[in-house]
Amino acid sequence: MMIETESALHAPDEPVALDCVSAHDATHVVHAGETKCKPDDALTVPIYQTSTYTFADTDAILAFMARKAERTTAREAGGDLDMRNEYGRYSNPTQRVVEQKLAALEGGEGAVLFASGMAAITTTIFALLSAGDHVIVLRDSYRRTKEFAKSFLPRWGVETTLVSIDDHKGLAGAVRPTTRMIFGETPTNPYLRVMDLEKLAAWAKPLGIITAVDSTFATPVNMHPLFLGIDLVIHSATKYLGGHNDLLAGVVVGPHRLVTQIEATRGLLGGVGGPQDAYLLLRGLKTLSLRVRQQNQNAERVARYLEGHPKVARVFYPGLASHPDAEVAQRQMTGFGGVVSFEIAGNKEQTSRFVDQLRIPYIGPTLGGVESIVQQQALFISLDPEERRAAGMSDSLVRYALGIEDPDDLIADLAQALERI
Ligand SMILES: Cc1ncc(COP(=O)(O)O)c(C=O)c1O
């Protein structure tokens, strides 16, 4: 019976053959990483709710150790080898399917799943940098990424320089002989700035600098950083990839030579998520392309509506010609994402009143799920006006993360809220 179970798990299960480049995202999200024949003929991937994996006998342990040595050699040569599971901090079959699906979606050789986006970011940096190294971080990056780079990394002997997204001279000037990585984010929060990734990759490669990009706001439906020459793409899977505001997760995708180091560091630092969250993520991913296309459409409609409204001072959306990075976005993205930021033509209190009058979106500090979510961004920074000013954010700025609701309803809701301020 043991042998039957083993063969049911491993023998006939050829992964669904999808060509990374030619298969479309909508097919990848459903099938990539999955096998046609699953254990017990189930259609869905089982949740392997286990912390550890057992060995039939001593021979099985010896075979495992021999395979592990082979894999180490393959990894040193820049490749990889599949192998059975040993312990839950190193791997889990449900997680593995998610990793394979995300690697296929981003067009990378491998992926590593984490318990959160921040676990993915910090473990990647710890895996690839050492004391004495220097990292350049985009000034517009997620504030916790910047905090980690500026306040935490120096304790471990890694220096950071922050550079603005359009400061090309500053970027070139920031490079030192010890610069090992450039960490960017595109589109950024909350102004949705878009970095020219092809240009960045072409510039960094000859210098031997690793490029890592947080593509959370774009998703693999709208942008493929690896195809533009970027080395590593990172997501807070908590947002669009999960898509239902019911889990925290993060992922890094890239070539084996980097991903295997990151995976080994995950095993050491322990930032793995649980099997249930991996399953929820897998389930959420199945509708990623449907959801994101709807969110793109909703955001475009809302951005155009707001741009023409007299009570809105300014709209930031990369799909609008008025956005400073509209040209790069057109070239680099196939959709412009589900977030629209805008400034109310009014003060902090009027902006709060507008947000409070909205009936459909929830108020909260996240994005990417099926429910629309809105926030007066500056209020989440600090109660102190000086600190808010230092963060470079107007008190009238609203970030509206579109869900998948009907765009006519969302616009009618915005209209009634704007009328009341
Ligand atoms: C762009 C971006 N990257 C990373 C993160 C961190 O992700 P998590 O909350 O999953 O740790 C966030 C969270 O808001 C984010 O917006």
Close pairs (7 angstrom Cβ cut-off, 6 or more residues apart or separate chains): surrounded by 11 or more Cβ atoms within 10 Å (Cβ to Cβ) in the range 43-55, of a type in the set (Val, Ile, Thr) and at pLDDT 95 or above anywhere = Val45/Thr94; Val45/Val97; Pro46/Thr94; Ile47/Thr94; Tyr48/Thr94; Phe55/Ile61
note = Taking the range 101-135 and the residues there that are within 26 Å of Gln276 (Cβ to Cβ) and of a type in the set (Ser, Thr, Tyr), the one that is nearest to the ligand (Cβ to nearest atom) would be Ser116
key: Boolean, Gly110 is more than 30 Å from Phe217 (Cα to Cα) and either in contact (Cβ under 8 Å) with a residue 40 or more places away in the chain or assigned by TED's automatic domain parsing to the domain that holds Thr265 (or both)   = no
inquiry  = Being surrounded by 15 or more Cβ atoms within 10 Å (Cβ to Cβ), under 30 Å from Gln100 (Cα atoms) and out of contact with any Lys or Arg (no Cβ under 8 Å at 6 or more places or on another chain): is that true of Ser352 here?
reply    = no
Which listed residue, of Arg193, Arg180, is at pLDDT 95 or above and under 30 Å from Ala321 (Cα atoms) = Arg193
ask   = What helices (runs of 4 or more DSSP H), lying completely within the range 1-84, carry at least 1 residues that are modelled with pLDDT of 90 or more and not assigned by TED's automatic domain parsing to the domain that holds Gly107?
value = 58-76
key: Filtered residues of the range 371-421 (kept if among the polar types (S, T, N, Q), modelled with pLDDT of 95 or more and not in a strand (DSSP E or B))   = Ser372, Ser396, Gln416
Condition met for Val315 (assigned by TED's automatic domain parsing to the domain that holds Ser394, β-branched (Val, Ile, Thr) and either within 16 Å of the ligand (Cβ to nearest atom) or assigned to a helix (DSSP H, G or I) (or both)) = no
ask   = Leu138: buried (at least 19 other Cβ atoms within 10 Å of the Cβ) and within 14 Å of the ligand (Cβ to nearest atom), yes or no?
value = yes
Test result for Ala119, within 21 Å of Leu285 (Cβ to Cβ), in contact (Cβ under 8 Å) with a residue 60 or more places away in the chain and in the same structural domain as His31 (by TED's automatic domain parsing) = yes
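The values are calculated or read from the model by the stated rules, or taken from the named source; none is laboratory data. Note that the structure is a prediction, hence the values are computed from the model and not measured. All Cβ positions, glycine included, derive from the backbone under ideal geometry; neighbour counts span all protein chains shown.
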